[in-house]
Amino acid sequence: MNNLLKIFKQKRKQLIIWLFEHSQRIYTSMFKNHQPWQVSKADLLNYPRSSFGRHLGDFLDENNFELIPKVERHDCYHVLCGYSTKVEDEIALQCLCYGNGKRSPYLYGAIILGIAILPDYYKYYYKSFKTGKTANAFHHYDYQKLLNVSISDFRAAIFSKKELFHLNLKTI
């Protein structure tokens, strides 16, 4: 029985991954009309070690990613908040952003479908929402202009020491 539950949970996660992959292209083409960054992963890896830009480059490198044109800020949220790219972390990150005041059709869809398909993580999602609610607003920044900022200073400006501890974020 436990094996069946594990398989079912894995299939639900695969469904969410499939939905993310296919909805992303549609969303960026229909709702994102700003210019993509002219920054590559290699450019980011040349920033100073303590900078937000370097940490973004490291995140992309560790996950074998490149920045996704027009939605570069999403990876910035991962780096700033310390969430991985596991399905449950992707949904929790959206909940944190919602708590922080971010609103978008994609965010609503990710939260609604994520909670409906993976309710097993509801407590984690709710905790993430509350963390976003208590953090200083960060969803509106022009992250490309913040690549040289110290990640430690940036996180300290957004999150309290208690939130940094609960998010397991290091100040460098």
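So which lysines can Lys133 reach, going by Cα to Cα under 18 Å and dropping same-chain residues fewer than 8 places off?
Cα-Cα hits under 18 Å: Lys102, Lys123, Lys161, Lys162.
In debye, nearest 20: dipole of segment 2-166 around its Cα centre with unit charges on the Cβ of K, R (+) and D, E (-)?
Numbers: 23 positive and 15 negative charges, 122 e Å.
The calculation lands at about 580 debye.
With a cut-off of 8 Å between alpha carbons and a minimum separation of six or more residues, what is the relative contact order of segment 98-150 in percent?
58 percent
Only Cα pairs within less than 10 Å get springs; with that Gaussian network setup on the chain, which residue of Arg54, Arg12, Arg155 has the largest fluctuation?
Arg12
Find the percent of Cα-Cα distances in segment 58-108 that exceed 19 Å, and round it to a whole number.
The calculated P(r) of segment 58-108 puts 21 percent of pairs beyond 19 Å.
Please give me the summed charge of the neighbours of His139: other residues whose Cβ is under 10 Å from its Cβ, Lys and Arg +1, Asp and Glu -1.
+3
For segment 39-114, which GluC sites (Glu not before Pro) are both in a DSSP coil and crowded by at most 14 other Cβ atoms within 10 Å?
Glu66
Just add up the charged neighbours of Ile117: K/R +1, D/E -1, any other residue whose Cβ is under 9 Å from the Cβ of Ile117. It would help to have the intermediate numbers written out before the result.
Numbers: positive: Arg12, Lys13; negative: none.
Spelling it out: positives minus negatives among the neighbours equals +2.
In the neighborhood of Thr85, defined by Cβ-to-Cβ distances under 10 Å, what is the net charge if each Lys or Arg adds +1 and each Asp or Glu adds -1?
-3
Based on other C-beta atoms within 10 Å, arrange Ser51, Ser160 from fewest to most. Walk me through the numbers on the way to the answer.
Working: Ser51 21, Ser160 13.
Ordered from fewest to most neighbouring Cβ atoms within 10 Å, Ser51, Ser160 come out as Ser160, Ser51.
Could you list Phe59, Phe165 in order of exposure, starting from the residue whose Cβ has the fewest other Cβ atoms within 10 Å?
Arranged by neighbour count, lowest to highest, Phe59, Phe165 become Phe165, Phe59.
At 1.002 mPa s and 20 °C, plugging the Kirkwood radius over alpha-carbon pairs of the chain into Stokes-Einstein gives what diffusion coefficient in µm²/s?
Working: Rh = 16.8 Å.
For the chosen part, D equals 127 µm²/s.
Only the coordinates and a few stated rules stand behind these numbers; no lab work does. Note that the structure is a prediction, hence the values are computed from the model and not measured. Every residue, glycine as well, gets a Cβ built from its backbone with ideal geometry; the counts of neighbours run over all protein chains shown.
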